[in-house]
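The values are calculated or read from the model by the stated rules, or taken from the named source; none is laboratory data. Predicted, not measured: the structure shown is a model, and the values here were computed from it. Cβ placement follows ideal geometry from the backbone for every residue including glycine, while neighbour counts extend to all protein chains displayed. Keep in mind that these areas ignore ligands, DNA and RNA; they rest on the heavy atoms of the full protein, side chains included. Shrake-Rupley method; radii C 1.70, N 1.55, O 1.52, S 1.80 Å.
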Amino acid sequence: MNNSKHAARMERMQDIMQQKREAGSVATHFPEVANIVMNMTYTQKGARSILRTFNFTPSSYAFFIVNCLRKDCVDGGFDLTQVITTMIKNRRVEVKGALSCTGTDSSTDHSDIVYEVAVQYI
Ligand SMILES: [Zn+2]
């Protein structure tokens with residue numbers, strides 16, 4: 001294992017934890033929301049697609065960034081913050097779309113996602 005690389009990765013994970021804490025709760029940002037469900041289908045070159053579901057309640061952190069499937073992805077991932085904020089502002093109950101990883105390393109095995117977000121209002 002490459003130790004400095006490992007340390008950098010640990011640091012990034014701590015940054016994400018910090019960002020989560022600073023994001024505050026769903027209830028703080030979106031008091032009208034009862035529940036948010038994000039269904040993500042990941043596709044990655046040479047790999048089987050993977051379905052992941054993220055469930056947010058009012059007490060969850062309002063942090064809607066999910067990581068890339070690529071283990072060593074640099075600065076990548078999928079940021080649904082804007083999608084979800086806009087959706088709630090317009091009181092939409094379902095939104096679908098697709099995103100590609102924004103990772104800056106030159107690898108070609110970053111993942112793409114197709115997402116479906118469903119919001120329930122109080
Ligand atoms: Zn990536």
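Taking region 54-68 as the range and being at pLDDT 95 or above and β-branched (Val, Ile, Thr) as the test, only Thr57 passes. Cβ-Cβ distances below 9 Å connect the following pairs, each with a first residue in region 46-73 that is among the charged types (D, E, K, R), a second residue that is open to solvent by 80 Å² or more (accessible area, probe 1.4 Å) and within 14 Å of the ligand (Cβ to nearest atom), and a separation of six or more residues or different chains: Lys71/Arg9; Asp72/Arg9.
Please find, within region 47-72, the residue that is surrounded by the most Cβ atoms within 10 Å (Cβ to Cβ) out of those that are of a type in the set (Ser, Thr, Tyr) and not in a loop (DSSP other than H, G, I, E, B). Going through the qualifying residues, I end up with Tyr61. Close Cβ contacts (under 6 Å, 6 or more residues apart or on different chains) running from residues in region 103-114 that are open to solvent by 70 Å² or more (accessible area, probe 1.4 Å) to residues that are in a loop (DSSP other than H, G, I, E, B) comprise Thr104/Val74; Thr104/Asp75. Just to be sure I understand, how many residues within region 73-108 are on the phi < 0 side of the Ramachandran plot, within 16 Å of the ligand (Cβ to nearest atom) and either assigned to a strand (DSSP E or B) or in contact with a strand residue (DSSP E or B) (Cβ under 6 Å, 6 or more places away or on another chain) (or both)? The total comes to 6.
Does region 1-26 hold any residues that are open to solvent by less than 40 Å² (accessible area, probe 1.4 Å) and of a type in the set (A, V, I, L, M, F, W, C), and which are they? Spell out how you get there, then give the answer.
So the first thing to find is which residues in region 1-26 are open to solvent by less than 40 Å² (accessible area, probe 1.4 Å), and the list is 23-26.
Result: Ala23, Val26.
Sort out which residues of region 27-46 are within 14 Å of Thr85 (Cα to Cα), open to solvent by 50 Å² or more (accessible area, probe 1.4 Å) and in a loop (DSSP other than H, G, I, E, B), and write them in order of number. Matches in region 27-46: Pro31, Glu32.
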